[in-house]
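Handing you this structure, nothing more for now.
The values are calculated or read from the model by the stated rules, or taken from the named source; none is laboratory data. Note that the structure is a prediction, hence the values are computed from the model and not measured. Note: ideal-geometry Cβ built from the backbone for every residue, glycine included; neighbour counts use all protein chains shown.
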Amino acid sequence: MIQPASSLTERVQSLAFDAHILAAGFVGGELAIVTAEGAIQIGRETTALHPHTDAILVARITGERIVTGGDDGRVFECRPGKEPKLLGEGKGWVDALALGPDGAVAWSVGRQAFTRDNKGNMKSLALASSARGLAFFPKGYRLAVSQNGFVQLWFPNMAAEPERLEWKGSHLECEVSPDGRFVITSMQENQLHGWRLADKGHMRMSGYPAKVRDMSWSHDGLWLATSGAEAAIVWPFAKDGPMGKPPRECGARPARVTKVAFHPKALVLAVGYQDGWVLLIRLTDATELLVRAGGDGSAITALAWSADGRRLIFGAESGAAGLLDLPV
Amino acid sequence: MTDTASDKIPVTVLTGYLGAGKTTLLNRILTEPHGKKFAVIVNEFGEIGIDNDLVVGADEEVFEMNNGCICCTVRGDLIRIIEGLMKRKGRFDAILVETTGLADPAPVAQTFFVDQDVGAKTRLDAVVTVADAKWLKDRLKDAPEAKNQVAFADVILLNKTDLVTPAELREVEARIRAINPYAVLHRTQKCAVPLDAVLNRGAFDLERILEIEPAFLTADDHDHHHHDHHDHECGPGCTHDHHHHDHDHHHHGGLKHYHDEEMQSVSIAIDGDVDPEKFMPWINDLVQVEGPNILRSKGILAFKKEPKRFVFQGVHMILDGDLQRDWRADEKRVSRIVFIGRNLKEDELKKGFLACAA
């Protein structure tokens with residue numbers, strides 16, 4: 001096993017929750033944790049919120065808010081110091097969720113996708129099959145919806161039929177590049193598929209031993225880090241995209257990567273593994289720093305940086321979590 | 001694909017044509033005093049009251065895997081639902097999946113073998129098909145789905161036996177056996193069966209594939225101590241005769257023999273060893289070509305110079321095989337394979353398998 005050159009483990013505070021951690025992050029400067037059993041924890045001292053009647057299935061955390069979708073079909077928005085706000089309600093599980101610019105939210109329930117803008121205007125789109133992934137474009141009010149067989153690009157405020165990017169197979173997670181030039185999906189068949197929107201050029205990024213369930217863009221938008229292999233696979237997106245270029249492999253270990261999170265300001269990648277390890281890897285020289293040597297051995301299921309890049313939070317399937325404060 | 005890990009959550013799939021009694025069986029399983037917690041995946045949410053904490057509505061989204069294998073279909077909604085459920089460990093001990101009356105069980109079963117994440121956390125225990133004793137005979141003629149469900153089953157509940165005469169019952173049993181002689185069959189009213197008849201069957205567990213003799217209607221299952229008179233498990237290897245109806249002594253166990261034009265089973269035995277160098281390429285090629293027609297396959301083989309039994313089972317093109325326990329000293333080294341499928345080319349199958357003899 002490769003031993004990282006140096007370690008940050010002494011700067012990690014351990015936290016413990018009693019259920020599978022779905023998402024972790026920072027809201028209003030406080031740490032935030034969402035568990036599958038329905039708890040939303042903001043800060044270390046406050047009582048957890050439970051806006052849903054039962055489980056939370058999907059959660060997204062930004063610097064200002066936490067948005068969750070539950071098996072009660074409801075979507076809530078939580079902000080520090082405020083009561084949870086019900087954004088929408090449907091029948092069935094909330095399967096996918098995305099946060100957009102200017103406070104927009106999108107989610108899907110069964111064969112319907114919904115968007116809600118910051119004024120509360122709702123739009124819906126009937127789908128041919130359940131949406132597995134949703135992603136807003138960085139500019140314009142536009143949503144990518146990944147489904148079986150294609151991705152739909154939908155302008156909720158326009159009557160036009162959404163554009164379809166077709167590719168056979170079931171598309172899971174969905175990402176739009178920060179420059180809006182590429183749409184990337186992960187697929188049931190352990191590969192990524194991508195479209196270069198300018199010319200509808202296809203990209204097929206394969207070779208993964210497992211499904212890619214997490215992706216993260218570098219702050220400069222030039223790299224896309226992915227889970228699904230026994231190293232973080234990082235694809236170059238400079239110029240025309242990754243066609244014909246090999247990916248970088250970072251943090252190779254004998255355990256599958258489950259979560260990836262690029263630092264908000266530097267080419268440093270946080271990587272979480274199936275066996276509970278967390279590493280930081282500097283892309284420029286492949287230096288590795290150990291954050292967590294496995295802990296209780298439970299898979300890392302949540303990983304996020306604070307907006308200033310000085311803190312990293314991670315959570316595991318078992319409910320174990322940790323907070324890293326980087327030396328200034 | 002092989003799992004002996006007991007920490008995987010067992011999944012029981014309940015199929016059956018419209019009105020056969022699937023929901024009756026589901027509610028019976030849920031209300032028995034077993035102390036187990038179930039997560040239930042049903043097809044139409046809230047249709048009939050299901051008395052359970054954790055009920056999830058599924059929408060039967062069948063899709064093809066994009067791997068060039070046309071019969072390799074999976075249930076996308078199941079993958080998604082199971083992924084969601086498995087984040088709540090401790091909430092349930094087992095999963096029950098009720099399919100629609102028109103569903104093909106294959107994509108459901110294949111989901112557990114094709115999807116790595118589902119396969120890592122759950123195991124398919126058995127496909128249980130509820131059949132209506134009065135109407136199945138007609139449905140086998142006009143509904144291909146009903147035939148699929150019978151052919152695919154590991155356990156068949158021949159339900160509503162109180163609505164038919166003994167002669168009609170024999171007739172419908174014979175029709176079932178013409179399609180699937182290997183499933184364990186129970187005669188029931190209101191789906192009254194002991195839970196161990198439908199749960200924890202290990203039908204896809206290679207360790208538990210002990211023999212593949214046809215399970216003709218010959219006797220009660222001696223393992224059951226608490227079943228009532230309507231529940232006859234007709235397991236393999238029994239010679240006793242406890243049935244209420246009259247027997248036609250010219251037929252094995254009083255069963256008429258039918259041949260179904262479309263769906264058949266083929267059983268082939270080699271009285272001795274098989275050469276794995278010949279068998280493996282043959283079976284792999286066979287399922288590549290005939291996979292769409294082969295619903296289920298199973299085999300117990302004596303490989304040349306191998307002290308252990310090789311056991312395999314398959315669903316369409318997906319095969320799962322492994323070396324199992326040693327052949328016992330008192331056990332004859334016989335290699336046997338069975339197929340259940342549509343328009344099976346029996347002569348070709350025989351010729352192909354016999355050529356694999358060591």
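Hey, among the residues in segment A:17-35 that are out of contact with any Leu (no Cβ under 9 Å at 6 or more places or on another chain) and closer than 18 Å to A:Pro80 by Cβ, which one's farthest from the other protein chains (Cβ to nearest Cβ)?
A:Gly29
Next question. Which is buried (at least 16 other Cβ atoms within 10 Å of the Cβ), aromatic (Phe, Trp, Tyr) and within 14 Å of chain B (Cβ to nearest Cβ), of A:Trp195, A:Trp167, A:Trp154? Working first, answer last.
Working: A:Trp195 fails: within 14 Å of chain B (Cβ to nearest Cβ); A:Trp154 fails: within 14 Å of chain B (Cβ to nearest Cβ).
Of the residues listed, the single one that is buried (at least 16 other Cβ atoms within 10 Å of the Cβ), aromatic (Phe, Trp, Tyr) and within 14 Å of chain B (Cβ to nearest Cβ) is A:Trp167.
Residues to consider are A:Gly38, A:Gly63; find the one that is within 14 Å of another protein chain (Cβ to nearest Cβ), of a type outside the set (Ser, Thr, Tyr), out of contact with any Ser or Thr (no Cβ under 6 Å at 6 or more places or on another chain) and not in a strand (DSSP E or B).
None of the others qualify; the one that does is A:Gly38.
Right, next: Would you check which residues across segment A:41-58 are under 18 Å from B:Ile81 (Cβ atoms) and assigned to a strand (DSSP E or B) and list them?
Matches in segment A:41-58: A:Ile56, A:Leu57, A:Val58.
Pick out, from segment B:258-358, the strands (runs of 3 or more DSSP E) lying fully within it that include 2 or more residues that are farther than 30 Å from B:Asp115 by Cβ and outside the structural domain of B:Ala146 (by TED's automatic domain parsing). Step through it out loud before you land on a result.
Values: elements: B:263-270, B:294-302, B:308-315, B:318-326, B:335-342.
Output list reads B:263-270, B:335-342.
Any residue in segment A:107-114 that is of a type in the set (Lys, Arg), within 14 Å of chain B (Cβ to nearest Cβ) and not in a strand (DSSP E or B)?
Kept after step one, since they are of a type in the set (Lys, Arg), are these residues of segment A:107-114: A:111.
From what's left, within 14 Å of chain B (Cβ to nearest Cβ): A:111.
In the following step, the residues that additionally are not in a strand (DSSP E or B) were identified as A:111.
Yes, there is a match, as at least one residue in segment A:107-114 is of a type in the set (Lys, Arg), within 14 Å of chain B (Cβ to nearest Cβ) and not in a strand (DSSP E or B).
Looking only at segment A:301-328, which residues are closer than 9 Å to A:Ile21 by Cβ, touching a strand residue (DSSP E or B) at 6+ places or on another chain (Cβ under 8 Å) and either surrounded by fewer than 24 Cβ atoms within 10 Å (Cβ to Cβ) or among the aliphatic types (A, V, I, L, M) (or both)? Even if it seems obvious, please write down each step before you answer.
First, the residues of segment A:301-328 that are closer than 9 Å to A:Ile21 by Cβ: A:301-302, A:314-321.
Still in the list and also touching a strand residue (DSSP E or B) at 6+ places or on another chain (Cβ under 8 Å): A:301-302, A:314-317, A:319-321.
Across segment A:301-328, the qualifying residues are A:Ala302, A:Ala316, A:Glu317, A:Gly319, A:Ala320, A:Ala321.
It is to be established whether one or more residues within segment B:317-333 are acidic (Asp, Glu) and in contact (Cβ under 8 Å) with a residue 40 or more places away in the chain.
Within segment B:317-333, one or more residues are acidic (Asp, Glu) and in contact (Cβ under 8 Å) with a residue 40 or more places away in the chain.
Tell me yes or no: at least one residue of segment B:171-178 is farther than 19 Å from B:Pro105 by Cβ, buried (at least 19 other Cβ atoms within 10 Å of the Cβ) and touching a residue at least 40 places away in the same chain (Cβ under 8 Å).
yes
Listed residues B:Ala133, B:Ala39, B:Ala126; which is more than 25 Å from A:Gly149 (Cα to Cα), buried (at least 23 other Cβ atoms within 10 Å of the Cβ), within 13 Å of chain A (Cβ to nearest Cβ) and not basic (Lys, Arg)?
None of the others qualify; the one that does is B:Ala39.
Looking at (1) surrounded by fewer than 18 Cβ atoms within 10 Å (Cβ to Cβ); (2) away from chain B (no Cβ under 14 Å), which one does A:Asn190 not meet, given that it meets all the others?
The number of the failed condition is (2).
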